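Enquirer: Encoded as structure tokens, here's the structure I'll be asking about.
FYI, it's all coordinate maths here, none of it is from the lab. Predicted model, so just to flag it, every value in this text is computed and none were measured. Virtual Cβ from ideal backbone geometry, glycine too; neighbours counted across all protein chains shown.
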Amino acid sequence: MSKSVGDADDPLLVSVRSGAKFSMPGMMDTVLNLGLNDDSVEGLAKQTGDERFAFDSYRRFIAMYARIVLDLPGEEFDSLFEAAKELAGTTSDAKVPVELLRYLVDSYQQIVERHTGAPFPQKPDEQLRGAIEAVFRSWNGPRAIAYRDRERIAHDLGTAVNVQAMVFGNRDDNSGTGVGFTRDPATGTKGAYGDFLVNAQGEDVVAGIRNTEPISELKKQFPKVHAELTAIFDRLEKHYKDMCDTEFTIEQGKLWMLQTRVGKRTGAAALKMAVDMVRSNDLGISKAEAVSRITEDHLDSVLHPQFAGSGYETWAKGLGASPGAAVGRIYFTADDAAAAAARGEQVVLVRNETSPEDVHGMLAAEGILTARGGLVSHAAVVARGWGKPAVVGAEVLRLGDHTVTAGEVMLYEGDWVSLDGGAGVVVAGQVPLTAAEPPPAFATVLSWADEIRKGNLAVRANADTGEDAANARRLGAEGIGLCRTEHMFLGEDRLPVVRRMILAHSPSDEAEALEELRLVQREDFLSILEAMDGLPVTVRLLDPPLHEFLPSTWELAHKEATVGLTPEERRLYDAAMAWREANPMLGTRGVRLGVIKPGLYAMQVRALMEAARQRVADGGHPIVEIMIPLTVTREEMALARRWVEEAVAAANAEAAPKPTRRGTKAATGRGVLEVSIGTMIETPRAALRADEIAEVAEFFSFGTNDLTQMTFGFSRDDVEGRMMDAYLELGLLPRNPFEVVDAGGVGELVQLGTERGRSTRPSLKVGVCGEHGGDPASIDLFYRAGLDYVSCSPFRVPVARLAAAQAVLASGPRPGAGATGARKRSSRATSG
Ligand code: PEP
Ligand code: MG
């Protein structure tokens, strides 16, 4: 270009822009037209023979420099420019005459001097230093930080700053600037896509203040440039083997490419492009490459409705507990929510936290919002299981009498809110939503993922009903890794039965309640086994933290003090007080409950075996795995195992049930069923003593929710809302360990428990069923730790299938994949 910065006669102008590894559109600052000053603007005018252009560039530079480098508010500059346009009687930026531009340049400089107490810097090297520092600084600006948080881009990555010679789209009407994509980033459709503006600089396109024209129009106005741009797009795609975004400028009919990068895209576009590009007449990428380009967000965006558009004002922020967006009128009790839904209203249930008593309201709601609780709290786990959007632990919320307040804004019962359960954002009012429609490419990409992970890492679902199980299977689950039998009692009609069992005063009361439970459980098991016919179903025996199943002592105490209690409520209140535990999550849970109520597990196994044998009689192929929760010692496990074996033997000794289906041939023989018996590993002790526990367990399933709770000593219901933000902000933890498994602590325990378990029992099957089983980063760790399967909520299954394939691609297949030889792997899960 043979020009130099600071040459007053023929100045080289430069742009100073960020060069971060990942695109952060609009989040980082840029300074254009740098190098202009009171002398060189005249040189530029002379060189170009275009005074208007030179002064337009200078006024742009002063305003941009003032805003970005000197941190002055932009409005004063904007309103002066608007006034100048009005004076000139035009609405077009390009039609402001040079006299007014000269006047603007003077006025702009005065604004700078008034605010900073110093004249606008005239020396190009001083300008350059200021601009470079400002662009670096913008890495730590609030916009950029928020964007990186959302996109999970590391904050310590840093950015480059590029200083680039300028060309000018604002030279004349034979010039222009634009943003182009090599394919449509919204739909994935092949062919150039983008916008341009005649006689403008890049900032005008990005700022959206002037109406842009589509790239297809370029063909009419600049046919040569259009042909050249299309050829460049082709070359870029062949080089990067992907869709690229570009910024370009046309200066007096000549095309200049300013920047390119692999382009951002919507989920639907990502899937379509991945599938299209595998074809040999397209870019011919491999299926593995196609699978590795799809992210969790891409899948979520086609599986769940989302906010249409962006820029909605956040009313309250919490934890994104269950992805998807929901809109509804707020109600504060489950009964009110259910009643409103029955009237045909769209409802969002707002609670401090939820318990099994709220389940009917949760079921009726489009979305769930709680002020307290974490990612593995009741509300989060239940909502995720049903694929219902949920934001939990929004600690800013203050619930009053039929009102809820966040900051200054109070909402009343019946007001509208919209929530984004992926981002954890709540907006007051109704936000339009996009529909959830997995495109055909969704199934194609996931089938490729399945080919890659086959024999390496299986994906099961956590499902508690036949309906959930059928849904999970439709989404590609290869069995059930966790059926939480306590969730079967969440229904309004069943909760009293569980309470009767827990609170029974005499053996006969207890036996009666158990019998009632057996009958309902048997039916539930039947439908689950039918939905998962031929695939393994892991049924976990009852593990209720008792506080989740008892009425709230606080609410009853309140009622007692105000309107008084009914005799039944009095009985419940007394019993609930008697069972009250200071720390119920560490109390009478899991196998401990079995120890003090020995008939309980036998009843459950009996119900399960009756259902399984009925399935056999009906021509089905049930594969049953029985799992004991919260085991900490071999002796505990051996005792529970004995109960299960006895109940299985007793069931097998009975006559085979008759087929219930017409036309089904009666099964031959007695219909004897083999079941495998295993345990959850949910405490550090169980992981450390896994070698002993494996003596009496055929499989392990890591319950990483409790394992995280107990490894950190972080109450899973309390710490996330209250302190996790501070921990993350201060960098005390890299990620919320209830969301992404903690590699250094919990991850090590998973690996160690697996190794020790297999040292005693090489054939030990090992999986994970905590909420981490649906998280891609955690799945990668579990694969490296040698696990056989992950299990997650049904709607996470597609994400888990994809992530499992990506884990296999990252670490390579297991030696002898498809066979159990894989067990010999010894790589460390992590060192962090
Ligand atoms: C776990 O602790 O990880 C688990 C799956 O069990 P729950 O969440 O039911 O305690
Ligand atoms: Mg648990």
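Enquirer: Could you list Arg60, Arg685 in order of exposure, starting from the residue whose Cβ has the fewest other Cβ atoms within 10 Å?
Expert: The fewest-first ordering by Cβ neighbours comes to Arg685, Arg60.
Enquirer: Each residue of the stretch 478-483 in turn: what ³J(HN,Hα) in whole Hz from Karplus with 6.51, -1.76, 1.60 and θ = phi - 60°, glycine and Pro shown as x?
Expert: Once rounded to whole Hz, the list reads 9, x, 10, x, 7, 10.
Enquirer: Now a separate question. Go ahead and run the numbers for FRET between Glu512 and Asp149, Cβ-Cβ distance against an R0 of 56 Å, rounding to 0.05.
Expert: Once the sixth-power term is evaluated, E becomes 0.55.
Enquirer: Take the alpha carbon gyration tensor of the stretch 418-573, find the square roots of its eigenvalues, order them as a ≥ b ≥ c, and report rounded if a/c is under 1.5; if not, report prolate when a/b exceeds b/c, else oblate.
Expert: Judged from the Cα gyration tensor, the stretch 418-573 comes out oblate (a/c at least 1.5, b/c at or above a/b).
Enquirer: Would you calculate the separation in nanometres between label points at Ala435 and Glu313, each defined as 7 Å from the Cα along the Cα-to-beta-carbon direction?
Expert: 3.2
Enquirer: In the stretch 248-283, whose amide N lies under 15 Å from the spot 7 Å out along Cα-to-Cβ of Ala231? List them in ranges.
Expert: Residues 254-257 qualify, since their backbone N sits under 15 Å from the label point.
Enquirer: I've got another one for you. List the residues, sorted by chain then number, that are 5 or more residues from Ile480 or on another chain and whose placed amide H is less than 5 Å from its amide H.
Expert: Result for Ile480 returns Ala461, Val537, Thr538.
Enquirer: Also, quick follow-up: Between Asp7 and Ala88, what is 0.36 nm times their sequence separation minus the Cα-Cα distance? Round to one decimal in nm.
Expert: Fully extending the segment from Asp7 to Ala88 adds 25.9 nm.
Enquirer: Calculate the FRET efficiency for Ser759 and Ala726 from the Cβ-Cβ distance with a Förster distance of 41 Å, rounded to the nearest 0.05.
Expert: 0.50
Enquirer: At Asp493 and His402, where each label point lies 7 Å from the Cα along Cα→Cβ, what is the point-to-point distance in nanometres?
Expert: 3.2
Enquirer: What does the extension gain come out to for Glu568 and Gln346, with contour length at 0.36 nm per residue minus their alpha carbon separation?
Expert: Contour length minus Cα-Cα distance gives 76.5 nm.
Enquirer: Okay, moving on. Across the stretch 741-747, in residue order, what do the Karplus-derived ³J(HN,Hα) couplings come to in whole Hz, using 6.51 cos²θ - 1.76 cosθ + 1.60 with θ = phi - 60° and x for Gly and Pro?
Expert: Computed from phi, the couplings for the stretch 741-747 are 4, 6, 5, x, x, 5, x Hz.
Enquirer: Mean separation of Cα pairs under 8 Å and 6+ residues apart, divided by the residue count of the chain: what relative contact order is that in percent?
Expert: After rounding, I find 9 percent.
Enquirer: Divide by every residue of the chain the summed helix terms, -39500 (n - 2.57) for each DSSP H run of at least 4, and state the resulting mean residue ellipticity at 222 nm, rounded to the nearest 500 deg cm²/dmol.
Expert: Per the formula, -13000 deg cm²/dmol.
Enquirer: Still on this model: Once fully extended, how much extra length lies between Ala557 and Asp125, figured as 0.36 nm per residue of separation less the alpha-carbon to alpha-carbon distance?
Expert: Fully extending the segment from Ala557 to Asp125 adds 148.2 nm.
Enquirer: Here's another thing I want to ask about it. What lysines could a cross-link reach from Lys765, if we take a straight Cα to Cα line under 23 Å and drop same-chain neighbours fewer than 8 places away?
Expert: Answer for Lys765, where 23 Å is the Cα cut-off: Lys454, Lys824, listed by chain and number.
Enquirer: I would also like to ask the following. Once phi is turned into θ = phi - 60°, what whole-Hz ³J(HN,Hα) does the Karplus curve with 6.51, -1.76 and 1.60 give for every residue of the stretch 775-791, x standing for Gly and Pro?
Expert: After applying 6.51 cos²θ - 1.76 cosθ + 1.60, I find 9, x, 5, 5, 4, 4, 5, 5, 5, 5, 7, x, 6, 8, 8, 10, 9 Hz.
Enquirer: Taking H placed 1.01 Å from N in the peptide plane, check which residues at least 5 places from Gly620 or on another chain put their amide H under 5 Å from its amide H.
Expert: Amide H neighbours of Gly620: none.
Enquirer: Counting only DSSP beta bridges with both residues in the chain, tell me the antiparallel percent, nearest 5.
Expert: 60
Enquirer: Quick one: grab the alpha carbon gyration tensor of the stretch 743-793, order the square roots of its eigenvalues as a ≥ b ≥ c, and give me rounded if a/c is under 1.5, else prolate or oblate depending on whether a/b is larger than b/c.
Expert: The shape class here is oblate.
Enquirer: Can you give me the Cα centroid spacing of the stretch 412-452 and the stretch 219-263 in angstrom?
Expert: 33
Enquirer: Follow-up question, since we're still on this one. Based on Cβ point charges of +1 for Lys and Arg and -1 for Asp and Glu, what charge dipole magnitude is obtained for the chain about its Cα centre, in debye rounded to the nearest 20?
Expert: Approximately 3140 debye in magnitude.
Enquirer: Below 28 Å, Cα to Cα, which lysines can Lys21 reach? Residues fewer than 8 away in the same chain don't count.
Expert: Output for Lys21: Lys190, Lys238, Lys241, Lys264, Lys272, Lys287.
Enquirer: I want to check the label-to-label distance for Asn281 and Ser23. Put each point 7 Å from Cα in the C-beta direction and report it in nm to one decimal.
Expert: Between Asn281 and Ser23, the label points sit 2.7 nm apart.
Enquirer: I need the shape label for the stretch 186-320. Rule: rounded when a/c is under 1.5, else prolate if a/b > b/c, else oblate, with a, b, c from the alpha carbon gyration tensor.
Expert: Verdict is oblate for the stretch 186-320.
Enquirer: Right, another one. For Asp533 and Ala443, FRET efficiency with R0 = 25 Å and r from the beta-carbon atoms, rounded to 0.05?
Expert: It comes out at approximately 0.70.
Enquirer: Hey, another quick one. Nearest 10 degrees is fine. How inclined is helix 797-811 to the longest principal axis of the chain, computing both from alpha carbons?
Expert: Taking Cα atoms only, the helix is inclined about 70 degrees.
Enquirer: Among Ser527, Ser701, what is the fewest-to-most ranking by other Cβ atoms within 10 Å?
Expert: So the ranking, lowest neighbour count to highest, is Ser527, Ser701.
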